[in-house]
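Participant: I have a structure here, written as structure tokens, and I will follow up with some questions on it.
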Amino acid sequence: MSVLTLSLVLMLLLFAILGTGVWIAIALAMVGFVAILSSTATPPGQVLASSMWAASNSWDLTALPMFIWMGEILYRTKLPEDMFAGLAPWLQRLPGRLLHTNVVGCAIFAAVSGSSAATCATIGRIALPELLKRGYDEKMAIGTLAGSGTLGLLIPPSIILIVYATATDQSIARLFIAGVVPGIMLAALFMGFIAVWALINNSRMPPPEPAVPFLERVYASRRLIPVTLLILGVIGSIYGGLASATEAAVVGVFLSLALSWWSDTLNKTSFIDALLAATRTSCMIAFILAGAAYLTAAMGFTGIPIVLAEWISGFKLPPWALLTALTAFYIVLGCFLDGISMVVLTTSIIIPLVTKAGFDLIWFGIYVVLVVEMAQITPPVGFNLYVLQGMTGRNIFTIGTYTLPLFLLMCLAVALVAMFPGIALWLPSTMFDMR
Amino acid sequence: QTKWDMPTPYPDGNFHTKNVIQFAADVDKATGGSLKIQVHSAGSLIKHPEIKRAVRQGTAPIGEILESLVANEAPVYGLDSVPFLATGYDASKKLYAAQKPFLEKQLASEGLVLLYSVPWPPQGIYAKRTITKIEDLKGVKFRTYNPMIGRIAALAGAIPTQIEVPDLPTAFATGRVDVMITSASTGVDTKAQDYLTDYIDAEGWLPRNIVFVNKAAFDKLSAAEQKAVTEAAKAAEERGWKASIEEKKIKTDALKAAGIKVSEPTPELKAGLQKIGATIAAEWEKSAGEDGAAMLAAYRK
Amino acid sequence: MRLFLDTLYRIALWLAALCLATIASMVGVQLAARILDGVLALVHLPTTSFVILSLNEICGYLLAAASFLALAGTLKAGVHIRVTMVFGALSEGTRRYAEMVAFAAAAAGVAYMTWNLASFAWVSFQFNEVSTGVIRVPLCYPQAAMALGAAILAIALTDELVIVARSGRPSFRHAEDAITVGKEG
Ligand code: NA
Ligand code: NA
């Protein structure tokens, strides 16, 4: 069997096993097992143990449970309510008014949460009922929420970026800082879209509320202080030289606990619930990483990534054509796979290819996060859609049509980041290339 | 036809990896293609800390590691990184000759056969400040990743701090680390000019990589193939030592060209470092017992 | 038997949570020492230079243990993800058999994994494998914890196979259908 045929067979096998409802981590490992058996005399069991061990005992990966834990603690505090109350008076004045709370709320919460669905759920829990109560257009309220939730992945901290960094040996801190400008750009695109939509569809906007006097707006802003301190504490600990990105996650845990204690939401139950929820979620992700590490090692033994990379580079595609093809591939893959699986499959197959094509791996990480963000809002498998399905009772395909404009804006963002790599790379270079 | 998968820790551009790839090509040519070695660089197949074990178990028949990575397993693996014991290429070669029989013995006890060993360029001191005497190291954050460097930090009164290579620029930029000891190669590869200013060419020691093969896998080869492997290894060792000397010059020049202040250690600093080195060598000798004494005696002869 | 199994999953999950809390505490102590030293240096007092040696490696080992010890508890809470799209299109009766196939396959796969992780830890013990950092940590302990976690997952999967065979649906079906926050990352 030629290597290309084998890769096709393994791909189909993966989808077949996934389709039968075997857990993703185990399915990845099963395909790895078959890959080794089919192409070398290497004992598959030894490779399994060795690769799973190597993938699981990682200091960098320690950031993952800690950032998840931080998010779980914050989810159980009054932080989201406070954020909404502090932001709403200011955003009233923009065209599109409170619809912007979705974007700005998600962007700010994204700076303390590493997850897209958690960002979507935390902000949605507060913002969505308020927006619907005040008569905002439902399609817009739900669509922009689903889209903005994905900012959780691009604006640091980001679970996807941690996964990508550990799988490709890149600096987490550099990747984090690389995500900032693209994240703000994407938020700005969303806000621009809301404003334009509101100007065109003025009839579908609720009547304006009485303007809040300036001083009252300032006074309401005090409720943004906790989240600001939290963001400054975590980011500041990294770039102030106190902590590495991994240690900063622990700073985040302690600051969140302090916040929770200060706002009277910390008790034995909330502490234990948050810890156990974080343990489970990080276990789920770590298990997928372990399964994927086995598949990656198996792929190395089959030689598929090398052959595939040579095969594709044989076409001598210009970089934009390669990226367009990759994006199309990711969009299709993203309809059916979750973000982490997309990233881990990427690292076993695509990375040799993009390295050969000469892409910067920090830049490529940001690109991957953008396409993974798109995957969060494309049915049938899209976690932000699930979150909103649970919240609104609409089915995911309906919500998918609501989010279509935001999906298109993300495609635009990908194009912009591809045309101007500096959007991602400028900030890390200025932050670190100084003595 | 036999196919060997060979995991190596460093990326394709690294001079060790280039040497390994040439070695594989030599073996291919000498055996007329009957033994193919597929090199998997940069830990892409098996991660660096797992490579020795993988070869030991036969998961991969052949591999390369940084010898001192496994210094915790047996003292003999740590001799090449005893600081300021053998500080130039000639001394390093002599040290290797003294160590070799014991290294082979240790590897044999693990079912492994040594093929060849090639040094990194000598280790120098990187810093974001000027260092003229050993006291300048007191209280600074000193990058530590193995017991030997941990001892240097402890004896110099520095604060040991753990930084992974991808994190180096951030760590230096934000002040989580002030000083590190590594070769000119690592400095160039991580674009040291972006995050620090000074390189002191202290020639601390020459850590070596070792390339070894699983004995059972080696025994399965025909006599002709075995000969091809050993001869290619011999050639690789000679080529590698030359490449290393070349590498030192290229990379030190590259550091200079990139605007890093490259200097020789001051006599005070040198004396301080040598004092630390003598202490560590004595400690090492004690931990390595009779064999250790024999190796050092052979080296100093 | 039920009580025994549920207690087993719970203890393992708690141990995992404890590992994570230990990571946070150790890093927290190290950070506190660093802050204290910063303050002391600022007012020109001698610093403590307190360092937890090999902190990074030890945290990595605790993480490996945590990730695997939590496997069964995570399964039981319906948090491990899988593609249930096909199941959604099946009738309850057919779905039951489909579920049983999935559980049987997964249990077999994880049993194989357990065996290999266990022998990996055993060989580490025999080879006397230790960490590469400043402190010599024997690797067989975290590796054994991984094997143990995998073994408990294999038991939990078999347990669920029996439950599906008896009652038609996995015990965590409800939790799995209601999507939990933060699942995808
Ligand atoms: Na985030
Ligand atoms: Na999707």
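Participant: Report, to one decimal in Å, the Kirkwood hydrodynamic radius for the protein assembly as shown based on all distinct Cα pairs.
Facilitator: Values: mean 1/r = 0.0345 Å⁻¹.
Every distinct Cα pair counted, the radius reaches 29.0 Å.
Participant: Taking θ = phi - 60°, what integer Hz values does the Karplus form 6.51 cos²θ - 1.76 cosθ + 1.60 yield along region A:229-243, in sequence order, with x for Gly and Pro?
Facilitator: 4, 4, 4, 4, x, 6, 5, x, 5, 6, 8, x, x, 7, 9
Participant: Residues with amide H under 5 Å of B:Lys36's amide H, sequence separation 5 or more or different chain, H placed in the peptide plane at 1.01 Å from N; which?
Facilitator: Answer set, sorted by chain and number: B:Thr2, B:Lys3, B:Trp4.
Participant: Now a separate question. Hey, got the average number of other protein chain Cβ atoms within 10 angstrom for residues in C:117-126? Don't jump to the answer; show the numbers that get you there.
Facilitator: On the way: counts 8, 1, 4, 9, 2, 0, 5, 3, 0, 0.
That works out to 3 on average.
Participant: Of all alpha-carbon pairs in region C:104-155, indicate the percentage at a distance above 12 angstrom.
Facilitator: Working: 816 of 1326 pairs.
Counting pairs separated by more than 12 Å, the tail of P(r) holds 62 percent.
Participant: What Rg and what Dmax come out for region A:189-314 when only alpha-carbon atoms are used, in angstroms?
Facilitator: Final numbers for Rg and Dmax: 24.2, 68 Å.
Participant: Next question, about the same structure. Beyond 22 Å, what share of the Cα-Cα pairs of chain C remains, rounded to the nearest whole percent?
Facilitator: On the way: 9952 of 17020 pairs.
Taking all Cα-Cα pairs of chain C, the fraction more than 22 Å apart is 58 percent.
Participant: Sorting check: for C:75-82, A:413-420, which peptide has the highest mean count of neighbouring beta carbons within 10 Å, and how do the rest follow?
Facilitator: On the way: C:75-82: 22.6, A:413-420: 17.2.
Listed from highest to lowest mean packing, they are C:75-82, A:413-420.
Participant: If one takes the longest principal axis of the Cα atoms in chain A, at what angle in degrees, from 0 to 90 and to the nearest 10, does the Cα axis of helix A:361-376 lie?
Facilitator: With both axes taken from Cα atoms, the answer is about 70 degrees.
Participant: Suppose the Debye formula is applied to equal point scatterers at every Cα of region A:167-221; what is log10 I(q)/I(0) at q = 0.19, 0.25, 0.30, 0.31 Å⁻¹?
Facilitator: Listed by q, the Debye log ratios stand at -0.88, -0.96, -1.01, -1.03.
Participant: Determine the equivalent ellipsoid of region A:44-434 by diagonalising the alpha-carbon gyration tensor, then write out the semi-axes as square roots of 5 times the eigenvalues, largest first, rounded to whole Å. The partial results should precede the final answer.
Facilitator: On the way: eigenvalues 237, 127, 74 Å².
For region A:44-434, the ellipsoid semi-axes come out as 34, 25, 19 Å.
Participant: A follow-up question, please. Taking H placed 1.01 Å from N in the peptide plane, check which residues at least 5 places from B:Thr182 or on another chain put their amide H under 5 Å from its amide H.
Facilitator: B:Gly124, B:Tyr126
Participant: With springs only between Cα atoms under 10 Å apart, run a GNM on chain A and tell me which of A:Ile200, A:Ile17, A:Ile177 wobbles the most.
Facilitator: The residue that fluctuates most here is A:Ile200.
Participant: Rounded to the nearest 10 Å², what accessible area does A:Ile396 show when all protein chains are kept and the probe is 1.4 Å?
Facilitator: Surface accessible to solvent at A:Ile396 totals approximately 20 Å².
Participant: Accessible area, 1.4 Å probe, largest first: how do A:Leu295, C:Leu62 sort?
Facilitator: Working: A:Leu295 10, C:Leu62 35 Å².
The ordering from most to least exposed comes out as C:Leu62, A:Leu295.
Participant: Students often forget the sequence filter, so: which aspartates and glutamates lie under 19 Å Cα-Cα from B:Lys251 once same-chain residues fewer than 8 apart are removed?
Facilitator: B:Asp12, B:Asp189, B:Asp194, B:Asp198, B:Asp201, B:Glu203, B:Glu264
Participant: Which of the DSSP-defined H helices in chain C satisfy a minimum axial length of 24 Å, computed from C-alpha atoms, and a minimum mean Kyte-Doolittle hydropathy of -1.0? Spell out each step's value before the answer.
Facilitator: Values: long enough: C:2-42 (59 Å, 1.47); C:92-127 (51 Å, 0.51); C:140-167 (40 Å, 1.29).
The answer, listed by residue number, is C:2-42, C:92-127, C:140-167.
Participant: Rounded to the nearest 100 Å², what's the accessible area chains B and A bury against each other, both chains counted, probe 1.4 Å?
Facilitator: Numbers: alone 13270 and 18600 Å², together 29630 Å².
Rounded to the nearest hundred, the buried surface is 2200 Å².
Participant: Same structure again: Please compute, for the alpha-carbon atoms of chain B, the extent along each of the three principal axes and give them in descending order in Å.
Facilitator: Computed over the Cα atoms, the extents are 58, 43, 29 Å.
Participant: Output the pairs from B:Lys93/B:Lys301; B:Lys47/B:Lys220; B:Lys18/B:Lys242 with a Cα-Cα distance over 18 Å in this structure; if there are none, say none.
Facilitator: Working: B:Lys93/B:Lys301 14 Å; B:Lys47/B:Lys220 26 Å; B:Lys18/B:Lys242 13 Å.
Over 18 Å apart, Cα to Cα: B:Lys47/B:Lys220.
Participant: For region A:282-435, what is the per residue volume of the convex hull drawn over the alpha-carbon atoms, in cubic angstrom? Mind showing how you got there, number by number?
Facilitator: On the way: hull volume 23.2 nm³, N = 154.
That works out to 150 Å³ per residue.
Participant: What is the diffusion coefficient of region B:185-301 in µm²/s, taking the Kirkwood radius over Cα pairs and the Stokes-Einstein relation at 25 °C with a viscosity of 0.890 mPa s? Walk me through the numbers on the way to the answer.
Facilitator: Details: Rh = 18.2 Å.
Translational D for this selection: 135 µm²/s.
Participant: Among A:60-71, B:218-229, how do they line up from the highest to the lowest mean number of other beta-carbon atoms within 10 Å?
Facilitator: Numbers: A:60-71: 28.1, B:218-229: 15.5.
For the peptides A:60-71, B:218-229, the packing ranking is A:60-71, B:218-229.
Participant: Right, here's the next one. So which lysines pass the test for B:Lys141, namely a Cα distance under 22 Å, with those fewer than 8 places away in the same chain ruled out?
Facilitator: B:Lys128, B:Lys133, B:Lys191, B:Lys261, B:Lys270, B:Lys275
Participant: How big, on average over all directions, is the shadow cast by the Cα convex hull of region C:4-90, in nm²?
Facilitator: Numbers: hull surface 35.4 nm².
For region C:4-90, averaging the hull's shadow over all directions gives 8.8 nm².
Participant: Shifting gears a bit: For a Förster distance of 25 Å, can you work out the FRET efficiency between the beta-carbons of A:Leu333 and A:Phe397, rounded to the nearest 0.05? Can you show the working numbers first?
Facilitator: Values: r = 19 Å, r/R0 = 0.75.
In this case the efficiency is close to 0.85.
Participant: Continuing with this model, one more query. Enter the mean number of other protein chain beta carbons within 10 Å of the beta carbon of each residue in A:165-175, as an integer. Present the calculation step by step, with values, prior to reporting the outcome.
Facilitator: Working: counts 2, 1, 0, 1, 7, 2, 8, 4, 7, 4, 1.
Shielding by partners across A:165-175 averages 3.
Participant: Averaged over A:379-389, how many beta carbons belonging to a partner chain fall within 10 Å of each residue's beta carbon?
Facilitator: Numbers: counts 0, 3, 5, 1, 8, 1, 1, 7, 6, 1, 1.
The shielding value for this peptide is 3.
Participant: Enumerate the amide H contacts of B:Leu112 below 5 Å, restricted to partners 5 or more residues apart or on another chain; note that Pro and chain-start residues carry no placed amide H.
Facilitator: B:Lys215
Participant: Moving to a separate point now. Based on the alpha-carbon gyration tensor of region A:16-57 and its eigenvalue square roots a ≥ b ≥ c, which shape applies: rounded if a/c is under 1.5, prolate if not and a/b is larger than b/c, or oblate? It would help to have the intermediate numbers written out before the result.
Facilitator: Details: a/c = 3.72, a/b = 1.24, b/c = 2.99.
Cα axes put region A:16-57 in the oblate bin.
Participant: In what sequence, highest mean first, do B:289-298, A:366-375, C:103-112 appear when ranked by Cβ atoms within 10 angstrom? All intermediate terms of the calculation are to be shown ahead of the outcome.
Facilitator: Values: B:289-298: 15.3, A:366-375: 26.5, C:103-112: 20.8.
My ranking of the peptides, most packed first, is A:366-375, C:103-112, B:289-298.
Participant: So, taking all protein chains as they sit and a 1.4 Å probe, how much accessible area belongs to C:Cys19, in Å² rounded to tens?
Facilitator: 20
The values are calculated or read from the model by the stated rules, or taken from the named source; none is laboratory data. Everything quoted here is computed from the prediction, not taken from an experiment. Here the Cβ is made from the backbone with ideal geometry for all residues, glycine too, and neighbour counts use every protein chain on show. Protein only, heavy atoms only, side chains kept; ligands, DNA and RNA dropped before computing areas. Shrake-Rupley method; radii C 1.70, N 1.55, O 1.52, S 1.80 Å.
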